[in-house]
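The next block holds one structure in the form of structure tokens; read it before the comments.
The values are calculated or read from the model by the stated rules, or taken from the named source; none is laboratory data. Note that the structure is predicted; figures quoted are calculated from it, not measured. A quick note on method: Cβ atoms are made from the backbone with ideal geometry, for glycine too, and the neighbour counts reach across all protein chains shown. Keep in mind that these areas ignore ligands, DNA and RNA; they rest on the heavy atoms of the full protein, side chains included. Shrake-Rupley method; radii C 1.70, N 1.55, O 1.52, S 1.80 Å.
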Amino acid sequence: LSLADHSEERKGALVARVTSDVETLSQFFSWGALAWLLDGTLMVMVAGVMLAYDWVLALVAFATAAPLAIVLRNVQRHLVAAYDTARARNAEVMTAVSEVVSGAETLQAYGAGQHYATLTKQSSHERSNAFIRANKYGAFLFPSGEVFSVLTVAAVVSVGVIRGPGAGLTSGALVGFIFLTYRFLEPIAEFTEVIDQTQTAVAGLRRVLGVLDNPVGPPEPANPITLPHGMLGVAIENVTFGYRSRGDDDEPPVLIDVSAQIPAGQQVAVVGETGSGKTTLGRLIARFADPTIGTVRIGGVPLTAVANDELRTRLVVVPQEPFLFDGTIAANLGFARPLLSLADLERAIVDLDLSDWLETLPDGLFTQVGQRGGQLSAGERQLVALVRASLVDPDVLVLDEATSSVDALTEVRIGRALEKLAAGRTTIAIAHRLSTAARADRVMVLEHGRLVEDGPHAELLAAGGAYSRMYESWIAATASTQ
């Protein structure tokens, strides 16, 4: 799924769809679906025998049992809605629990554990009430089937007795037909139990299909075009982009008619106030999403025509908060290129002038990073991300401000690594610190989703426009904190 889908969908809800909802379907197909098949076949066969035995009594049995279908249909409609609600409440519980676990440090820091425990209990009670409500409808099914079974047998016996021997129906024949009637009604009684499980499975299936039917994005091109060899430039042509929340297509665009040509090998800084669209522009260049209007090209080829596997080897993104998987530093460095040796990883660290950092690690490359890299500092996680990017050896590098929220020594190390990593590559830095912009060959200034200024740092300062005002404000804020 696209990053937009992941940002809109709660993580606990996605987990619920691939665990409890799938398990519900598994249970249904192991018993409920088989019951529908076998009992349905049995009913058809017995109905045929009943018609051949005595078609009058058979019609009486069918007519008496027929209203049960209407009852079951009405109950089923309520069951579908009730179980849809119950599965949604189950997803909310999963979300609440996952947030409490992943946010444990923040909750302890603010002493808010009891508050979120109350919210989690509330979600659990709502789930419980939703399932109880659904089970009340389910509990109505079995006795309704029994009632109609009794009525059907009573009708058959009454009509059989009234018809009597004069219609050629002996006592033994009537007893035999009653036996057939019971055999016909037995599957109906079981259906009343299976329907409950079926509606649970239908609710789970809808939620699973909600993921499976969601278009994979961005899609792979049908006939991919190979990128040219060597350094690659980036072209942004009349790009407009807006995030579309589910059920809301009227959100204003984040980027509006942005155009720029970035030659191969140039280092560009993209700056702007919070919400100006600079991070979104970086995502479009990396093809985490496609523009609503316009085209982004790399090496002259539209991104929509580049195979995803090739794009990920020619363009790499280093996010502001890199994600590390639980394991060692070596495992987090090498997962993108599993065939690299330990010596290759160490060489990459030395090439980025980070050997002094490697020496400070307690177990070197075998140092455990913890879940989400929690055992490393924010700066060390950023260093791992930079080394990981260098291993791919991309032609285009997209950086989302790699020097924010780090100590002075780590910032120096990151600066050295960035200088080595950016050399000979097209580099697009989403700059939150304007010191990054000052070192770039060129600065692109976004304001309310539009590209308002574009040029070298010195020229933009001299122009006295938006960038000059931002830079002066940044200098003043930096001086006041020292």
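Looking at the stretch 40-60, is at least one residue in a helix (DSSP H, G or I), under 30 Å from F177 (Cβ atoms) and within 39 Å of the chain's Cα centre (by Cα)? Within the stretch 40-60, one or more residues are in a helix (DSSP H, G or I), under 30 Å from F177 (Cβ atoms) and within 39 Å of the chain's Cα centre (by Cα). In the stretch 274-316, which residue that is assigned to a helix (DSSP H, G or I), of a type in the set (V, I, T) and open to solvent by 10 Å² or more (accessible area, probe 1.4 Å) is farthest from D5 (Cα to Cα)? Among them, the one singled out is T313. Taking the stated definitions as given, is E220 surrounded by 12 or more Cβ atoms within 10 Å (Cβ to Cβ) and either touching a Pro at 6+ places or on another chain (Cβ under 7 Å) or closer than 27 Å to T279 by Cβ (or both)? The answer is no for E220. Within the stretch 225-245, count every residue that is within 25 Å of L446 (Cβ to Cβ), of a type in the set (S, T, Y) and loosely packed, with under 15 Cβ neighbours inside 10 Å. Selection size over the stretch 225-245: 1. Would you be able to say whether some residue in the stretch 66-88 is touching a residue at least 24 places away in the same chain (Cβ under 8 Å), exposed (fewer than 13 other Cβ atoms within 10 Å of the Cβ) and in a helix (DSSP H, G or I)? The answer is yes, given that some residue of the stretch 66-88 is touching a residue at least 24 places away in the same chain (Cβ under 8 Å), exposed (fewer than 13 other Cβ atoms within 10 Å of the Cβ) and in a helix (DSSP H, G or I). The single condition among (1) open to solvent by less than 70 Å² (accessible area, probe 1.4 Å); (2) outside any helix (DSSP H, G or I); (3) hydrophobic (A, V, I, L, M, F, W, C) that F28 does not satisfy is (2). Taking residues in the stretch 17-29 that are hydroxyl-bearing (S, T, Y), and partners anywhere that are assigned to a helix (DSSP H, G or I), the pairs with Cβ atoms closer than 7 Å and at least 6 places apart or on different chains are S20/N90; T24/T200; T24/A201; T24/G204.
For the stretch 114-145, a residue qualifies if it is open to solvent by less than 40 Å² (accessible area, probe 1.4 Å) and touching a helix residue (DSSP H, G or I) at 6+ places or on another chain (Cβ under 6 Å), and the qualifying residues are T120, S123, A130, A134, G138, L141, S144, G145. Here L205 qualifies as in contact with a helix residue (DSSP H, G or I) (Cβ under 7 Å, 6 or more places away or on another chain) and assigned to a helix (DSSP H, G or I). All conditions but one from (1) small (G, A, S); (2) modelled with pLDDT under 90; (3) within 29 Å of the chain's Cα centre (by Cα) apply to S128; the one that does not is (2).
Here E321 fulfils each of the conditions (1) in contact with a Pro (Cβ under 6 Å, 6 or more places away or on another chain); (2) open to solvent by 40 Å² or more (accessible area, probe 1.4 Å); (3) among the acidic types (D, E) apart from (1). Residues that are open to solvent by less than 50 Å² (accessible area, probe 1.4 Å) and more than 20 Å from V147 (Cα to Cα) within the stretch 48-65 comprise G48, M50, D54, V56, listed in sequence order. On the given criteria, is E273 closer than 18 Å to V216 by Cβ and out of contact with any Cys (no Cβ under 7 Å at 6 or more places or on another chain)? Here the answer is no, as E273 does not meet what is asked.
Among residues of the stretch 365-393 that are on the phi > 0 side of the Ramachandran plot, those with a Cβ under 7 angstrom from a residue that is open to solvent by 40 Å² or more (accessible area, probe 1.4 Å) and assigned to a helix (DSSP H, G or I), sequence gap 6+ or separate chain, pair up as G373/R381.
Of the listed requirements (1) without any contact (Cβ under 8 Å) to a residue 24 or more places away in the chain; (2) over 30 Å from L174 (Cβ atoms); (3) of a type in the set (S, T, Y), T41 misses just one: (2).
Can T152 be described as over 30 Å from T95 (Cβ atoms) and either open to solvent by less than 70 Å² (accessible area, probe 1.4 Å) or without any contact (Cβ under 8 Å) to a residue 24 or more places away in the chain (or both)? I'd like the intermediate steps shown before the answer.
Numbers: over 30 Å from T95 (Cβ atoms): yes; either open to solvent by less than 70 Å² (accessible area, probe 1.4 Å) or without any contact (Cβ under 8 Å) to a residue 24 or more places away in the chain (or both): yes.
Considered against the rule, which asks whether it is over 30 Å from T95 (Cβ atoms) and either open to solvent by less than 70 Å² (accessible area, probe 1.4 Å) or without any contact (Cβ under 8 Å) to a residue 24 or more places away in the chain (or both), T152 comes out as yes.
Of the residues V258, V296, V301, V318, which is aliphatic (A, V, I, L, M), at pLDDT 90 or above and within 18 Å of T427 (Cβ to Cβ)?
Numbers: V258 fails: within 18 Å of T427 (Cβ to Cβ); V301 fails: within 18 Å of T427 (Cβ to Cβ); V318 fails: at pLDDT 90 or above.
Sole residue among the options that is aliphatic (A, V, I, L, M), at pLDDT 90 or above and within 18 Å of T427 (Cβ to Cβ): V296.
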